[in-house]
Ligand SMILES: [Zn+2]
């Protein structure tokens, strides 16, 4: 799909607005509607796959939802049911090879990437040993995640076990595999009963572990799905400061970002985690929504990432790879008048506040 270019006139108009608003800036942190976000509590750590790290020890940009490891099993699970199998199987994706991912990561670290949250889990064939290797060989802080993805990828236990059993299993696996987050936890365009069960289970797992959670809503863009997820979390009594509703950047029929504002007012994080793709549509729309949110005082709730797993866009293929957000999307935000301080907030401070947690006493 063709990328709709961000109109220069539109951008200049917004920029002029920013300048015209005076020293405070139209897109500044100051806004009467801003929520006061929670500061990082004393004793909070960010849990990488190798060690627990104080948030202040992490330098560079933090990306809260990318992919560093998939198994071939994932591509098979996501193949549409009736799609014909190619006569000769395609070559393995770069993401199945830790050596190739390591090269990609090294290059993106040169462009300021300091931490990546891997958005996969057992459902997706994520290899936790690969994640460790990638972190050890590059020095990148890597956060491993866990949970369940979508109905199409669920293992049988989702249907057969009780919610309590599933929560217990997640709490155990989180400790055993050093998960630093739950994610990506998805729902289909029409949420299935099992998916509803998984969201209730995940809410309880967040309460038991204090781990943050980021979700997946359909890439086709689904306002109702985002609100449905929010409803389950709020009914379960989860602290919404622990929850990021994901792929909100794919909602293209909400120019005022009203869905996003509803989530932010409930205290949740806004996942703009599909931005900057050369091959994807609509950075102009995504920039526009972010401007609306900044204007409404919600810059303290925005998280950016690219959900990267795109072979054609790897650095090896001339793309921006894991520095897609920093090198492709941030310049568009700046061009639209977003201040450096706000960008730093979205790339450094906000993800630290989202990811840092106080482990419960055993
Ligand atoms: Zn996703």
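The values are calculated or read from the model by the stated rules, or taken from the named source; none is laboratory data. Here the structure is a predicted model, which means the values were calculated and not measured. Reconstructed Cβ throughout: ideal geometry from the backbone, glycine too, with neighbour counts over all protein chains shown.
Observations on the model:
- Among residues of the stretch 139-167 that are on the phi > 0 side of the Ramachandran plot, those with a Cβ under 9 angstrom from a residue that is assigned to a loop (DSSP other than H, G, I, E, B) and surrounded by 22 or more Cβ atoms within 10 Å (Cβ to Cβ), sequence gap 6+ or separate chain, pair up as 147/121.
- Residue within the stretch 117-128 that is closer than 26 Å to residue 96 by Cβ, surrounded by fewer than 16 Cβ atoms within 10 Å (Cβ to Cβ) and within 16 Å of the ligand (Cβ to nearest atom) present: no
- Residues that are within 16 Å of the ligand (Cβ to nearest atom) and more than 20 Å from residue 55 (Cα to Cα) within the stretch 131-182 comprise 146, 147, 148, 149, 150, 151, 152, 153, 154, listed in sequence order.
- Residue under evaluation residue 70, criteria (1) part of a loop (DSSP other than H, G, I, E, B); (2) surrounded by fewer than 17 Cβ atoms within 10 Å (Cβ to Cβ), criterion not met: (2)
- Cβ-Cβ distances below 7 Å connect the following pairs, each with a first residue in the stretch 213-240 that is without any contact (Cβ under 8 Å) to a residue 40 or more places away in the chain and more than 11 Å from residue 189 (Cα to Cα), a second residue that is within 12 Å of the ligand (Cβ to nearest atom) and not in a loop (DSSP other than H, G, I, E, B), and a separation of six or more residues or different chains: 230/245.
- When the residues of the stretch 309-338 are filtered to those that are farther than 23 Å from residue 268 by Cα and assigned to a loop (DSSP other than H, G, I, E, B), the one that is farthest from the ligand (Cβ to nearest atom) is 337.
- Test: residue in the stretch 62-84 that is in contact (Cβ under 8 Å) with a residue 12 or more places away in the chain and farther than 30 Å from residue 188 by Cα: no
- Subset tally (residues that are within 16 Å of the ligand (Cβ to nearest atom) and in contact with a strand residue (DSSP E or B) (Cβ under 6 Å, 6 or more places away or on another chain)) for the stretch 248-274: 7
- Positions within the stretch 257-291 being modelled with pLDDT of 95 or more and part of a loop (DSSP other than H, G, I, E, B), in sequence order: 257, 266, 267, 268, 273, 274, 275, 276
- Candidates are the residues of the stretch 74-95 that are in a helix (DSSP H, G or I) and closer than 27 Å to residue 244 by Cα; the one that is nearest to the ligand (Cβ to nearest atom) is 74.
- Among the residues making up the stretch 201-217, those that are in contact with a helix residue (DSSP H, G or I) (Cβ under 7 Å, 6 or more places away or on another chain) and surrounded by 19 or more Cβ atoms within 10 Å (Cβ to Cβ) are 201, 203, 204, 205, 206, 209, 211, 212, 213, 215, 217.
- The residue of the stretch 292-308 that is surrounded by the fewest Cβ atoms within 10 Å (Cβ to Cβ), among those that are within 16 Å of the ligand (Cβ to nearest atom) and assigned to a loop (DSSP other than H, G, I, E, B), is 307.
- Positions within the stretch 145-173 being over 25 Å from the mean Cα position of the chain (by Cα) and part of a loop (DSSP other than H, G, I, E, B), in sequence order: 156, 161, 162
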